[in-house]
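The values are calculated or read from the model by the stated rules, or taken from the named source; none is laboratory data. On a predicted model such as this, the values are computed, not experimentally measured, just so you know. Cβ coordinates were reconstructed from backbone atoms using ideal geometry, including for glycine residues, and neighbour counts include every protein chain displayed. All accessible areas refer to the heavy atoms of the entire protein, side chains included, with ligands and DNA or RNA removed. Shrake-Rupley method; radii C 1.70, N 1.55, O 1.52, S 1.80 Å.
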Protein chains: 2
Amino acid sequence: MKSTIIFNNKPVIKGYASVAGKKEIEGNLSEYFDYTDTDQYFKKDTWEQAESEIQRIAVDTALNKSNLTPEDINFIFAGDLVNQCVSSTYGLRDFHIPFLGVYGACSTMAESLLLATCMVNAGYGKLAIGVTSSHFSSAERQFRMPLSYGGQRTPSAQWTVTGGGAVIVEENSGQGDIFIKSATVGKLVDYDIKDATNMGAAMAPAAADTIQTFLKDTEISLSNIDFIITGDLGYVGSELLIDILQKEGIDISSKHRDCGIMIYDKDTQDTHSGGSGCGCGASVLTAYFLPKLQKKEIKNILFCATGALMSPTLSQQGESIPSIAHLLHISSSEN
Amino acid sequence: MKSTIIFNNKPVIKGYASVAGKKEIEGNLSEYFDYTDTDQYFKKDTWEQAESEIQRIAVDTALNKSNLTPEDINFIFAGDLVNQCVSSTYGLRDFHIPFLGVYGACSTMAESLLLATCMVNAGYGKLAIGVTSSHFSSAERQFRMPLSYGGQRTPSAQWTVTGGGAVIVEENSGQGDIFIKSATVGKLVDYDIKDATNMGAAMAPAAADTIQTFLKDTEISLSNIDFIITGDLGYVGSELLIDILQKEGIDISSKHRDCGIMIYDKDTQDTHSGGSGCGCGASVLTAYFLPKLQKKEIKNILFCATGALMSPTLSQQGESIPSIAHLLHISSSEN
């Protein structure tokens, strides 16, 4: 049973935008973001409102860059980490675009983009958007500690990115320069990791499973792929992913990039195992990799965003952390 | 811009199952459910585990009734009300079916079934499942009060259904008896309702918007529809929906049924404005309406599940409640 979808109509990425906050601007990718704000509240009153604003700005910027209006868009797929996905619903309500909410934790950029592509490729609409966001402060207080408590972070902990990204998918009318060729829907993978401060370890097996499934289903050779990009495995999870696949005879070590490792400066920013959050993969994909594809500097990427489906309630009940990874094959070549 | 998808390949509902708890068995639809349990824990240790079990049982029962195994299923779309949608992820992890998490609050049965149908109709897979659940106790403690506090409920409050439902969609090979003909993706609608104990009022405008959109997009006459079924508007929301549409010149009063009104006995069960929760629409659709379609007792239904995208955090920040409604046209006739 194949779980990889081949997009025969080769939908194109019409536009995209990235948003980043203060710590992200101080990191390695400072020059690449479309919209930045050093105010952690993004000029709103609360962290949750700030994250809604990030998502609104991401969509608004992507529409503007593409000379499109909200009325042009058939469907928008969105989700985020805040309970009840309120960054998406409150951030996007004023666009009045037919809305489909998704929950995939930090895999959301891949899930929302995958579903947007499914709709466009099937001809259900001409244009669809996938969007997500995260905010350090809204995530910390919900998943971990009140920030004012000043709890110590473990070496395997990751730093939730304040940022987001939106991608607009359009039916192929012969004008495109970035194409979505196929996508693999991930399975729930649970390796019995119970340490909620080590999400990289919980997510790495899901990434390995989905990457293996993609390679098996499509029979594409790794030699044709420039980069295999994970969303936010961080240092701990990335090492594990490379190890797991190595044992299966698949060496991705030279092609693997992790957005959580890329976004912050290891030496000066003290984020321990790197960045995380839906906004990590979303902002790095839209700020760094999609422009490189558009400029034909690279040809083929596999974007594989992973989600640790952890819950404070279930962790307190002693449960392990199931994870998931969805993957898209994105190319600067139609053929 | 039409937001209604016409499913030209007429996917069929291959199977379905309903699950219900103690209070639901004591209600009006006692005789219809596939699986019932009077133990509020469904033989597990916590309410959240019980809700995961409801979702597992719903899928397992639907598969068994259809002589299918998890390996036969290409995709499963699932979501629920518990933070991080853990009823879905923990309940379904052992099936190893490619998983796509959705969040639409109480609209989840319509959203998951709509997306499952999109995948099958497009030929991305032969079989897909939509499933959801809710549990009175997991919802109360998360959204409202600790149950042991014994807080008084307002007259407009609704009672979260302990139950769930799963629907299996299959590509049309000429064998089906229930067909999904089209679906309307809803927009986020916010009428500035801030009373989190009056979800019916928050959701009614979303239902009205989606039903109007469907009728306009498809030009189907109401005279061809047996029932317009809402998920959980309850008494307050149902009256509002009928009023709003009346003012637009659309009279649905004789054809409207609300699962939240149907499931409990008004006189003996003291649920105030009726039932609610993802499991309300899901269990009533799968227990009551789909069998009626299968037996050809009715011909056409519009299943329109609504979601109040409320969040305790945002309500405490003074925000209003955006809502959404997705709709499916389900028929016992292929033509």
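Label separation (residue A:149 vs residue A:65): 3.7 nm, computed from points 7 Å beyond Cα along the C-beta direction.
Only protein chains counted, 1.4 angstrom probe. Which residues of the range A:76-102 are at least 40 Å² less accessible in the assembly than when their chain is isolated? Buried by 40 Å² or more upon assembly, which counts only protein chains, are A:83, A:84, A:89, A:90, A:93, A:96, A:98, A:99, A:100, A:101. For the range A:252-333, the spherically averaged projection of the C-alpha convex hull amounts to 7.1 nm². Net length available on complete extension from residue B:296 to residue B:266 is 7.9 nm, with 0.36 nm assigned per residue and the Cα-Cα distance removed.
Under 5 Å from the amide H of residue A:99 lie the amide H atoms of A:76, B:186, B:187, B:188, each residue being 5 or more positions distant or on a separate chain, with H modelled from the backbone and absent for Pro and chain starts. Overall size of chain A from C-alpha positions, given as principal axis extents largest first: 55, 49, 36 Å. Over the range B:3-79, all Cα pairs binned in 10 Å intervals from 0 give whole-percent P(r) values of 16, 38, 31, 13, 2, listed from short to long.
For the protein assembly as shown, the carbon plus sulfur part of the accessible surface works out to 45%, probe radius 1.4 Å. Which shape class, rounded, prolate or oblate, goes with the range A:26-140 when its Cα gyration tensor gives a ≥ b ≥ c as root eigenvalues, a/c under 1.5 marks rounded, and past that a/b bigger than b/c marks prolate? Since a/c reaches 1.5 and a/b is larger than b/c, the shape of the range A:26-140 is classed as prolate. Rolled with a 1.4 Å probe across the full set of protein chains, the surface gives residue A:243 an accessible area near 80 Å².
In order along the range A:25-35, phi translates into HN-Hα couplings of 5, 7, x, 6, 10, 2, 6, 9, 6, 6, 9 Hz, rounded to whole numbers, per the Karplus curve 6.51 cos²θ - 1.76 cosθ + 1.60 with θ = phi - 60° and x for Gly and Pro. For the range A:39-99, the alpha-carbon radius of gyration amounts to 1.12 times the rule-of-thumb value 2.2 N^0.38 Å expected for a compact globular protein.
From largest to smallest, the equivalent ellipsoid semi-axes obtained for the range A:172-247 from the alpha-carbon gyration tensor read 27, 14, 12 Å. Average accessible surface for the protein assembly as shown: 34 Å² per residue, computed with a 1.4 Å probe over protein heavy atoms with every protein chain in place. Size check on the range B:179-331: the Cα extents along the three principal axes, sorted descending, read 48, 38, 24 Å. Rounded to the nearest whole Hz, the Karplus-based 3J(HN,Hα) values (6.51 cos²θ - 1.76 cosθ + 1.60, θ = phi - 60°) of the range B:78-84 follow the sequence 8, x, 6, 8, 6, 3, 6, with x at glycine and proline.
In nanometers and ordered shortest first, the copy-to-copy spacing of the residue B:333 label point, defined 7 Å from Cα toward Cβ, is 5.3. The length gained on full extension between residue B:25 and residue B:246, counted as 0.36 nm times the residue separation minus their Cα-Cα distance, comes to 76.1 nm. For the range B:93-247, what does the alpha-carbon gyration tensor say about shape, rounded, prolate or oblate, given a ≥ b ≥ c as the root eigenvalues, a/c under 1.5 as rounded, and a/b over b/c as prolate? Oblate. Exposed loop sites here mean trypsin sites (Lys or Arg not before Pro) with a DSSP loop assignment and at most 11 other beta-carbon atoms within 10 Å; chain B contains its longest site-free run at B:44-294.
Within the range A:179-331, DSSP assigns beta bridges of which about 70% are antiparallel (rounded to the nearest 5). For the range B:250-263, backbone phi angles converted through the Karplus equation (6.51, -1.76, 1.60; θ = phi - 60°) give residue-by-residue couplings of 10, 9, 9, 4, 7, 9, 7, 10, 10, 4, x, 7, 5, 6 Hz, Gly and Pro being listed as x. Here's the picture: a label point sits 7 Å out from the Cα of residue A:217 along the beta-carbon direction, and within the range A:180-210 the residues with their amide nitrogen under 19 Å of it are A:180-190, A:204-210. Convex hull volume of the Cα atoms of the protein assembly as shown, normalised per residue: 142 Å³. Between identical copies, the spacing of residue B:123 label points, each set 7 Å from Cα toward the C-beta atom, reads 1.0 nm from nearest to farthest.
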